[in-house]
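What follows is a single structure, written as structure tokens, with notes after it.
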Amino acid sequence: MTLYEELKWRGLIKDVAGEDLEEKLNNQKITFYWGTDPTADSLHIGHYSSLITAKRLAKAGHHPILLVGGATGLIGDPRPTAEREIISKEKIQENFDGIKKQVSTILEGKAEIVNNYDWMKDYTYLEFLRDIGKYINVNYMLAKDIISRRLETGITYAEFSYTLLQGYDFLHLYREKNCILQAAGSDQWGNITTGIEMIKKIEGKEAYGFTMPLILDSNGNKFGKSEGNALWLDINKTSSYELYQYLINSDDTKVEEYLKVYTFLNKEEIDKIMKEHNEKPHLRLAQEKLAQEFITDLHGKEEYQNAKQISEALFKNDIKNLSEEQISQAFKGVPRFKLGENKTIIEILTETKIASSRREAREFLSNNAITLNGETINDENYLIDNNKKYNIIRKGKKKYFVLER
């Protein structure tokens, strides 16, 4: 397959601007950009499809620019329902630094990273209106989907103007970097076309754009902070084990799509994996391969192996062989209690409300429903040693509790 055919096969091209974009991507070496506003100090899995796409284009010889919107981030692009919260300049800079480091690592140092605050900070309002505003008709802006959807509930002038700022970014990069292509998620189509319109009217030149479909979970929700299901690319915010658990539990209806979008496996490899998966879906072979490729590419082979080891240990209730760091990752978000002095198991079960009473605690113990660090405990007077940093209690099959020293 050509590069363009591969992008289409992977489902990475939705809307296209520019009739000969296919020829440009297949037969020339061009400069392209993808942008994000620094609303957090890390990108998340929703951004990763765009980063992986940028990496594919870079591997094909095209030059990637990542624009982190230090200026546009101060305004915030229009959301479907309400205006974004204002972020301080100091926080924007902190977030910019975090994203810059992250993207440099993911794209192996091949991406040129720019900040639109650098060219907007000294641009006066009057100059911007004269140089840019006069070329874009208000009716053209009102027709943009994200703007038209907000007209009934109300949209501020700042949000309304956002498309001009992002359009100017494209014009600036076209002039300064010979950047002729913008790629982004499908929710950015209106902003992409505004930039193309500026380049056409002001420079008299043609520019290109394409959007990628937004990647959704099995419930049809976006991967993003505002959706409440963010999985961060920063390993200190979302561990490899958490990523592994999410990916290994991917819905069968989504896993082939994720393999195409998030991995560099070719068509023959993915077809083979899906054939084996469909023959034995209970083994979750496709999900395992997805987790392996995703985590290895993002954090390295050792992190994938570590995440898999934790998962297998929990499945076998073999907690005693996990390191303290692995336990910390595995039980993030699990109820935690301070152990303090040595106490008996029945005291712990009742004091922490794991059991509602001593009577219920005895029932749990006698029915082999309680394990401590993977070992079944029946003796209500069993003394829990506080020399360990963590002691893990499991009630039944799935409910865990952490006792911290």
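The values are calculated or read from the model by the stated rules, or taken from the named source; none is laboratory data. These numbers were taken from a predicted model, which means no experiment stands behind them. Please note: Cβ atoms are built from the backbone with ideal geometry, for glycine as well, and neighbour counts cover all protein chains shown. Ligands, DNA and RNA are stripped out before the accessible areas are found, and what is left, the full protein with its side chains, is counted by its heavy atoms. Shrake-Rupley method; radii C 1.70, N 1.55, O 1.52, S 1.80 Å.
Here are a few things to note about the model shown:
- Three-way shape label, region 252-379, alpha-carbon gyration tensor, a/c 1.5: prolate
- Phi angles across region 274-279 convert, under the Karplus curve 6.51 cos²θ - 1.76 cosθ + 1.60 with θ = phi - 60°, into 3J(HN,Hα) values of 5, 5, 5, 5, 5, 6 Hz, Gly and Pro given as x.
- Multiplying the residue separation of residue 266 and residue 387 by 0.36 nm and subtracting their alpha-carbon distance yields 38.5 nm.
- A compact globular protein would have a Cα radius of gyration near 2.2 N^0.38 Å; the ratio found for region 315-378 is 1.19.
- With all protein chains kept in place, the per residue accessible area of region 70-168 amounts to 58 square angstrom at a probe of 1.4 angstrom.
- C-alpha long axis of helix 45-59 to longest principal axis of the chain, angle in °: 60 degrees
- Taken one residue at a time, the phi angles of region 250-255 give Karplus couplings (6.51, -1.76, 1.60, θ = phi - 60°) of 4, 5, 4, 6, 10, 5 Hz. Gly and Pro are set to x.
- Prolate/oblate/rounded call for region 195-319, Cα gyration tensor, a/c under 1.5 rounded: prolate
- Database remark: amide H of residue 343 closer than 5 angstrom to the amide H of 384 (H placed geometrically; neighbours at sequence offset of 5 or more, or on other chains; Pro and chain starts carry no H).
- Surface composition of the chain: carbon plus sulfur atoms hold 46% of the accessible area, using a 1.4 angstrom probe and ignoring ligands, DNA and RNA.
- Nearest-0.05 FRET efficiency for residue 90 and residue 358, computed from C-beta distance (R0 60 Å): 0.65
- For region 171-242, convex hull volume per residue from C-alpha positions, Å³: 124 Å³
- Part-to-part distance (alpha-carbon centres) for region 230-294 and region 3-62, which is given in Å: 21 Å
- Of all DSSP-defined beta bridges confined to the chain, some 45% are antiparallel rather than parallel.
- Exposure rule at most 16 other beta-carbon atoms within 10 Å, DSSP loop GluC sites (Glu not before Pro): the chain longest free segment: 207-340
- Using equal-weight Cα scatterers in the Debye expression, the normalised intensity of region 23-166 in log10 at q = 0.12, 0.14, 0.17, 0.22 Å⁻¹ is -0.59, -0.80, -1.09, -1.31.
- Candidate values (1) 56; (2) 74; (3) 48, label of the one derived for percent of Cα pairs over 28 Å apart: (1)
- Theoretical FRET efficiency, 1/(1+(r/R0)^6), r = Cβ-Cβ of residue 142 and residue 202, R0 25 Å, to 0.05: 0.75
- Using alpha-carbon coordinates, inclination of helix 189-198 to the longest axis of the chain, degrees: 30 degrees
- C-alpha long axis of helix 157-177 to longest principal axis of the chain, angle in °: 70 degrees
- Each part reduced to its alpha carbon centroid, region 319-372 and region 139-213 end up 55 Å apart.
- Pairs exceeding a 31 Å alpha-carbon distance, out of 308/395; 55/308; 101/275; 121/301: 101/275; 121/301.
- Cα shape, region 93-233, gyration tensor, a/c 1.5 rule: oblate
- In this simple spin-label approximation, residue 282 and residue 19 carry label points 7 Å from Cα along the Cα→Cβ vector, and these lie 5.7 nm apart.
- In the structure shown, the pairs 222/280; 289/399; 222/254; 332/397; 24/200 are assessed against 22 Å; a Cα-Cα span above that value is assigned to 222/280; 289/399.
- For residue 35, distant residues with modelled amide H under 5 Å away: 67
- Candidates 70, 333, 46: whichever shows maximal mean-square fluctuation once the chain is modelled as a Gaussian network with Cα springs under 10 Å: 333
- Using just its DSSP H runs of length 4 or more, each adding -39500 (n - 2.57), the chain gives a mean residue ellipticity at 222 nm of -13500 deg cm²/dmol after division by all residues.
- Under-5 Å amide H pairs with residue 113, H placed in peptide plane, nonlocal only: 66
- Across the chain, Cα pairs under 8 Å and at least six residues apart give a relative contact order of 15 percent.
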